[in-house]
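What follows is a single structure, written as structure tokens, with notes after it.
What follows is calculated from the coordinates using simple rules that are stated; it is not laboratory data. What you see is a predicted model, and the numbers here were worked out from it, not measured in a lab. FYI the Cβ positions are ideal-geometry reconstructions off the backbone, even for glycines, and counts take in every protein chain you see.
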Amino acid sequence: MFAKKVVFHGRVQGVGFRYAVKDLARGFDVCGWVKNLADGSVELQVMGQKAEVDSLIQEITVESSVAHHIQSVVTESIPPLENCKSFFINRDPVT
């Protein structure tokens with residue numbers, strides 16, 4: 001399995017960004033989560049086959065209805081996510 005952490009910067013909070021990402025993720029064979037961060041950015045952690053993960057990120061950043069809200073993207077590979085079975089909006093307190 002292949003996992004990535006992606007942080008989206010720009011006007012990505014208060015515009016339905018997390019919900020759009022969750023909806024897009026349904027079309028890919030991936031699991032993980034998306035959440036707001038305290039600095040106004042949005043973090044995505046996603047796991048699946050490399051092609052699926054890369055395609056989802058491409059869809060979000062280039063082809064989605066929320067792509068124009070993104071000013072920059074920081075991506076890094078991370079260890080596989082534990083107990084990852086679905087894709088959800090992480091509502092843990094914003095950190």
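Structure above, values below:
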read-out	value
Nonlocal amide H pairs with Phe88, under 5 Å, H built at 1.01 Å	Gly32, Trp33, Val34
Difference of contour (0.36 nm per residue) and Cα-Cα distance, Leu37 to Asn83	14.3 nm
FRET efficiency, Asp92 to Asp29 (Cβ-Cβ, R0 35 Å, nearest 0.05)	0.90
DSSP bridge orientation in the chain - percent antiparallel, rounded to nearest 5	90 percent
Dipole moment magnitude, nearest 20 debye, the chain about Cα centre, only Lys, Arg, Asp, Glu C-beta charged	200 debye
Highest-fluctuation residue, Glu52, Glu82, Glu43 considered, GNM on the chain with Cα pairs under 10 Å	Glu82
Dipole of the chain [Lys/Arg +1, Asp/Glu -1 at C-beta], most positive-end residue of His69, Phe28, Ile89	Ile89
Selection from Met1, Ala38, Val53 lying farthest towards where the dipole of the chain points positive, charges on Cβ	Ala38
The range 2-79 - percent relative contact order, Cα under 8 Å, separation 6 or more	49 percent
